[in-house]
1. Which one of Tyr259, Tyr289, Tyr302 is modelled with pLDDT under 90, under 29 Å from the mean Cα position of the chain (by Cα), under 25 Å from Tyr390 (Cβ atoms) and open to solvent by 20 Å² or more (accessible area, probe 1.4 Å)?
2. Specify the residue that is nearest to the chain's Cα centre (by Cα); the eligible residues are those in the stretch 442-457 that are aliphatic (A, V, I, L, M) and not in a loop (DSSP other than H, G, I, E, B).
3. Could you list, in sequence order, the residues of the stretch 76-86 that are open to solvent by less than 20 Å² (accessible area, probe 1.4 Å) and either touching a Lys or Arg at 6+ places or on another chain (Cβ under 6 Å) or not in a helix (DSSP H, G or I) (or both)?
4. Ile417: of a type in the set (A, V, I, L, M, F, W, C) and open to solvent by 40 Å² or more (accessible area, probe 1.4 Å), yes or no?
5. In the stretch 1-48, how many are of a type in the set (A, V, I, L, M, F, W, C), assigned to a strand (DSSP E or B) and either under 28 Å from Ser199 (Cβ atoms) or modelled with pLDDT of 90 or more (or both)?
6. List, please: which pairs have Cβ atoms under 7 Å, are six or more places apart or on different chains, and start with a residue in the stretch 213-226 that is in contact (Cβ under 8 Å) with a residue 24 or more places away in the chain and under 16 Å from Ser191 (Cα atoms) and end with one that is of a type in the set (D, E, K, R) and surrounded by fewer than 18 Cβ atoms within 10 Å (Cβ to Cβ)?
7. Is there a residue being more than 20 Å from Tyr298 (Cβ to Cβ) and free of Cβ contacts under 8 Å to residues at least 60 places away in the same chain anywhere in the stretch 398-405?
Amino acid sequence: MELSTGGSGNYIDIPMVLKDSRINIFFLAYELPPLQTGGVYRPLYFIKYLRDLGINPIILTLHHDDIGYRWPRKGRDHSLAKILDGYTVIQVHESREKIPFYKIALSNGYQGGNEHITWKKNLYFKVDELFNSYRPEAIFATGPPFTILELGVQIAKKYQLPLISDLRDAWSQWNYKPYNSKIQYYLTLRSERRVLKRSTAIIATSSQTIHDLQKAHPKIPVERFHLITNGFDQKVDFTDKVKIKAANKIRIGYVGSFYYNPDFRGFVLNPWWKKVRKDRLSQPFIFQYVPKREDWLYRSPYFFFKSIKALLAEHPKLISCVEICFVGTKDKWFDPMVEEFGLENVVQHLGRMSIEKSHDFQKKCDFLLLTSAKVLNGLDYSIAGKTFEYFTMKTPILGYVCNGAQKDILEKSGLAIILNPDEPNICAERLFDLFTKDNYLEPNNDFLQTLHRRFLTSKLSDIIQQSIT
């Protein structure tokens, strides 16, 4: 039996069952460190605090040797994996057997991925081995990958366990790109509904996600839905005002990805006859379907650049004073967008950084930038994970955000200047005022303290305790 007792990768032959009053649960998280993606932090920090709250997670995750196969271009952070030291971590290999064509076709029938095909057999085997030793009283499953939630359903059914499903993104309502067809959308809805119907509790990261899920699945009882946002892990005192001081040199920073793709944007917003085919094997555009229209150009720095161009045109002396720096992976569209607005001498892209260097960079910024997608005739559900890291810096946030969850949390925080991306000239005037005069922000300490991961995990603990009684 290949069991790891933590991030160190040491293996034991016999499961070590804790003999105390803690409740054992299976904790199903496909993505965990040393993989370095945005999806690892939420489950990782739940794990960190659950034991202190009477819950002992028996963690099932993808085997470390398979990370390079599944994510060949993603980074590794072994320091994060140290948080798992002392926990029971079961690393489960994916099957490398060739997937039959009919299974690939079925998995492509809905948006979710094929991880449930390659991981299922070995995962079920491990669960069967472990069940009698640990006697878990519940199963917690987090996605994406969303099909991992379906594996949680099968385990919960077999052992008659309550299932707590954690949706880090809005499964059926995620509109980064269109569905291949309306049939694919309904198949995705059906898979999502199976998970929600079997779940004792359903957790989402924003109130808007919960609203969208309830609208898509009106027969699921309202009381099953719970809000637990993402959060931060540092101890931060937000009682003091944050001063925005006029300076001779202004640095604006952004960390992370934008999740913007010009081609996908065209697929979502354009009628089928205006779409440009670049992949001859892609689904005919005439069948593509989106449940709601979202403009992800607003996730990019496009409208921010637009207002900076307006600012520098009105106040050219600021050209030597403003420095805009980006950290992360640089997309192909980035440099052409910078050139479109003539900001080559103002904008720098610094590439990827370690977490430590990224934090140092953010602390040296005068402002931090955040954006959000625009949902046409609706509200955006997404709150960027970097939002909570930004809060801990106590650095003023420039929120180029549309109506929705991202805008709401920034307004509640008291740490952001909200700017309408559709009003570049007004944004330029506001930026000039911020850059040339002293201003203050008043953090909402009571609200911000509820975003600490210890507090958020206490909410999860309560949900688990209620689910098993």
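The values are calculated or read from the model by the stated rules, or taken from the named source; none is laboratory data. Note that this is a predicted model, so its numbers are computed, not measured. For neighbour counting, all protein chains shown are included, and Cβ atoms are generated from backbone atoms with ideal geometry for every residue, glycine included. Ligands, DNA and RNA are excluded from the accessible area calculation, which covers all protein heavy atoms including side chains. Shrake-Rupley method; radii C 1.70, N 1.55, O 1.52, S 1.80 Å.
1. Details: Tyr289 fails: under 25 Å from Tyr390 (Cβ atoms); Tyr302 fails: modelled with pLDDT under 90.
Step by step, each of Tyr259, Tyr289, Tyr302 is checked, and only Tyr259 is modelled with pLDDT under 90, under 29 Å from the mean Cα position of the chain (by Cα), under 25 Å from Tyr390 (Cβ atoms) and open to solvent by 20 Å² or more (accessible area, probe 1.4 Å).
2. In this case the residue turns out to be Leu456.
3. Asp77 - this is the single residue of the stretch 76-86 that is open to solvent by less than 20 Å² (accessible area, probe 1.4 Å) and either touching a Lys or Arg at 6+ places or on another chain (Cβ under 6 Å) or not in a helix (DSSP H, G or I) (or both).
4. no
5. Adding up the residues that qualify gives 8.
6. These pairs meet every condition: His217/Arg193; Ile220/Lys197.
7. Here is the first cut: in the stretch 398-405, the residues more than 20 Å from Tyr298 (Cβ to Cβ) are none.
No; the residues of the stretch 398-405 include none that is more than 20 Å from Tyr298 (Cβ to Cβ) and free of Cβ contacts under 8 Å to residues at least 60 places away in the same chain.
The rows are residues; the columns are (1) within 20 Å of Phe238 (Cβ to Cβ); (2) outside any strand (DSSP E or B).
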position: Ile308; (1), (2): no, yes
position: Ile319; (1), (2): no, yes
position: Ile324; (1), (2): no, no
position: His359; (1), (2): yes, yes
position: Gln362; (1), (2): yes, yes
